Amino acid sequence: MKVLIIGGGIGGLTTAIALQQRGIACEIFDAAPSNKPLGAGIMLGANAMNVYNKLGLGGVLRDHGVLFRQLNIMTYKGSLLQTLDNKILEEKYGAATYAIHRAALQQQLINAAPVPVQWGKRFIRAVQTATGVTAHFEDGSTATGDILVGADGIRSAVREAHVTKARYRYSGQTCWRATVAITLPDAEQAATSETWGPGNGVRAMYTQVGPNQVYFWMTKRMPAGTQPTPEASLQLIKSTLHNFPGYMQTVLQHLRPNTLIHSDLYDIAPLHQWVNGRIVLLGDAAHATTPNLGQGAGQAIEDAYALARCLATEKDIASATEKYCALRMKRVHTLVNIAWNLARATNLRNPLLIALRNGVMRNMPKRMADKQMDFIFGVQLD
Ligand SMILES: Cc1cc2nc3c(=O)[nH]c(=O)nc-3n(C[C@H](O)[C@H](O)[C@H](O)COP(=O)(O)OP(=O)(O)OC[C@H]3O[C@@H](n4cnc5c(N)ncnc54)[C@H](O)[C@@H]3O)c2cc1C
C-alpha cells in the first residue's frame, strides 16, 4: 500500500512517521517552496507526547523542548483561576506537557520522516479509480497511490475539492505571537502563566521553549481582518498589557515589530464527513480548533497514530477509514466545542459576568477538573 500525504506540517509528518512504524509506504507533498523555520512556540500536551513516545520520538522532542512544572491561569490582578501540575500529568498519564519552538518540532519530524518532503507541490485536485488515487499538482506533476491523506491545514484544498465544504467560524479574537531571545529566571521557568486581562478577549503568555528562546502570545477581541502595521501592533500589545504582572514587562521590552506573527483565530464548525472513497482528512483539515486548549496539533498527532493503526489492521481502505472516523470524530468534536466556548468566555466584557466566570473557574470541583484532564490527556489509542 502507498499513502499520498498532502501537507508536510505536524499532522502530515507525524502520519508519515506512524505509517513507517506500521510498514506502510508514503510520499509527502507540500505547497511551500522549501522548509523555512517558521512560527513561534507550541505546547505539546501529555497526550501528544505519549504518541511521540510510541513513535520513538519522545526523547528527542524532550531534548529540544522545555518542561515546566506548572501551568497556571491567572487574572492580570494576580489571582489564580486554575492550575495544572505537570508532574501529576506525568504520573497519571505517563507523559508531561512540553513547550517547544515550532521550527525545532518541524525539523525533528522532518529528520524522522521516512521520506523527504517534496516541496513546491501545491495540490489542486485528485482523480480516484477502483484501483487507486492520483494527485495533481499546480506544477503539472502527478503522483499515484492507494489512499490520499488531506493534511493540508484549515484552508484544506483536499477537503474543499473532494470531501465537504467547511464553515469557518471567527472566534472574535486576533492573536500575535513571537519568539524573544531571552532566558527567563528559574522561578518563571518552573511555572508558566496564561494571564487573563479585564475581558475583551485579552490574554497573554510567555514561556521558555528553548535555549534563549521565549515564546510570547497575546489575544484580543477585534473585528476579523483588522491589519495594523507591525509597529502599530507592538504599540497595541504594549498598551494592552501595560498592567500585566510577573516578567511580562521585561518580555514586552524585547519584542520587535518585525518578529510579530499576526493571525485571526478561526475554527471550523464540526464536520461529519472526513472521507470520500480513497481520500481522508486529518488534523486541521478535518477539525481546526481555536487554540484555547492547546490541542490543535495534539489532535492532529493522535489522528496520525490512529489512521496508521487502522490502515495496518483493517481489511481494506473502506473499513480502515470508517474505523478511523469512529475512533476520532466524537473526541475531536468535543474538544473543538470546549475550545470554542472558552474563547467565548474570554470575550466577555460585562464585569459581573467576568466575576461570575472567574468564580466558576476558581471553584470548579476537583472531581470535575480531574474528569476534564482524564478526557484531554488520558486517551487510549491502542
Ligand atoms: C495561535 C495558535 C496557537 C496554537 N497553539 C497550539 C498549541 O500550543 N498546541 C497545539 O497542540 N496546537 C496549537 N495550535 C494549533 C496547531 O498549530 C494546529 O492544529 C496544527 O499546526 C495543525 O497541523 P496540520 O498539519 O493539520 O496543519 P498545518 O500545520 O496547517 O500544516 C498544513 C501543511 O499543508 C501545506 N499545504 C496547505 N495547502 C496545501 C496544498 N494545497 N497542497 C500541498 N500542501 C498544502 C502547508 O504548507 C502546511 O505545511 C495553535 C494554533 C494557533 C493558530
For an R0 of 41 angstrom, estimate the FRET efficiency from the Cβ-Cβ distance between ARG256 and GLN128 and round to the nearest 0.05.
0.30
Which of ALA135, ALA187, ALA369 ends up with the largest GNM mean-square fluctuation for the chain, with Cα atoms connected below 10 Å?
ALA187
With only helices counted (DSSP H, runs n ≥ 4, each -39500 (n - 2.57)), the per-residue ellipticity at 222 nm for the chain, to the nearest 500, works out to -11500 deg cm²/dmol
Which three extents, in whole angstrom, do the alpha-carbon atoms of region 1-97 cover along their principal axes, largest first?
53, 31, 21
If the viscosity is 1.306 mPa s and the temperature 10 °C, what Stokes-Einstein diffusion coefficient in µm²/s follows for region 324-382 when Rh is the Kirkwood radius over Cα pairs?
118
Computed over all unlike Cα pairs, the Kirkwood hydrodynamic radius of region 225-314 in Å stands at 16.6
Could you tell me the relative contact order of the chain? Use alpha-carbon pairs under 8 Å, at least six residues apart, and round to a whole percent.
22
Helix 296-313 versus the longest principal axis of the chain: what is the Cα-based angle in degrees, 0 to 90, to the nearest 10?
30
Once you keep just the Cα pairs under 8 angstrom separated by 6 or more residues, what percentage relative contact order results for region 231-382?
19
Quick one: in region 156-222, what % of C-alpha pairs are over 14 Å apart?
68
How far is helix 366-377 tilted, in degrees, relative to the longest principal axis of the Cα atoms in the chain, given as a value from 0 to 90 rounded to the nearest 10?
40
Any idea what the alpha-carbon Rg over 2.2 N^0.38 Å comes to for region 110-264?
1.41
Where only protein heavy atoms count, and the probe is 1.4 Å, what is the accessible area per residue for the chain in Å²?
43
Short version: ³J(HN,Hα) in whole Hz for each residue of region 338-344, in order, from phi by Karplus 6.51 cos²θ - 1.76 cosθ + 1.60 (θ = phi - 60°), x for Gly and Pro, what are they?
4, 5, 4, 5, 5, 4, 5
When the expected Rg is taken as 2.2 N^0.38 Å, what fraction or multiple of it is the alpha-carbon Rg of region 77-182?
1.58
Using Cα-only point scatterers and the Debye equation, what is log10 of I(q)/I(0) for region 180-266 at each q in 0.11, 0.24, 0.26 Å⁻¹, rounded to two decimals?
-0.30, -1.35, -1.51
Can you tell me the orientation of helix 10-21 relative to the chain, as the angle in degrees between its alpha-carbon axis and the longest Cα principal axis, to the nearest 10?
50
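Averaging the inverse of every distinct alpha carbon separation and then flipping it gives the Kirkwood radius. What is it for region 1-50, in angstrom units?
Mean inverse Cα-Cα distance, inverted, gives 12.4 Å.
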Springs between alpha-carbon atoms under 10 Å, Gaussian network over the chain: tell me which of ALA40, ALA31, ALA304 tops the mean-square fluctuations.
ALA31
For the chain, what percent of Cα pairs sit more than 39 Å apart?
15
Whole-number Å³ per residue for the convex hull built on Cα positions in region 240-381:
166
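So for region 95-140, what are the equivalent ellipsoid semi-axes in whole Å, largest first, each being the square root of 5 times an eigenvalue of the Cα gyration tensor?
Gyration-tensor ellipsoid for region 95-140: 32, 14, 10 Å.
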Residue pairs, from the table LYS87/LYS238; LYS54/LYS87; LYS121/LYS220; LYS54/LYS77; LYS165/LYS220; LYS165/LYS323, whose Cα atoms sit over 31 Å apart:
LYS87/LYS238; LYS121/LYS220; LYS54/LYS77
Phi angles of region 279-289, converted by Karplus (6.51 cos²θ - 1.76 cosθ + 1.60, θ = phi - 60°) into ³J(HN,Hα) in whole Hz with x for Gly and Pro, give 10, 9, 9, 8, x, 4, 4, 8, 7, 4, 10
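The values are calculated or read from the model by the stated rules, or taken from the named source; none is laboratory data. These numbers were taken from a predicted model, which means no experiment stands behind them. No Cβ is skipped: glycine too gets one built from the backbone with ideal geometry, and neighbour counts run over all protein chains shown. The accessibility values were calculated without ligands, DNA or RNA, using every heavy atom of the protein model including side chains. Shrake-Rupley method; radii C 1.70, N 1.55, O 1.52, S 1.80 Å.
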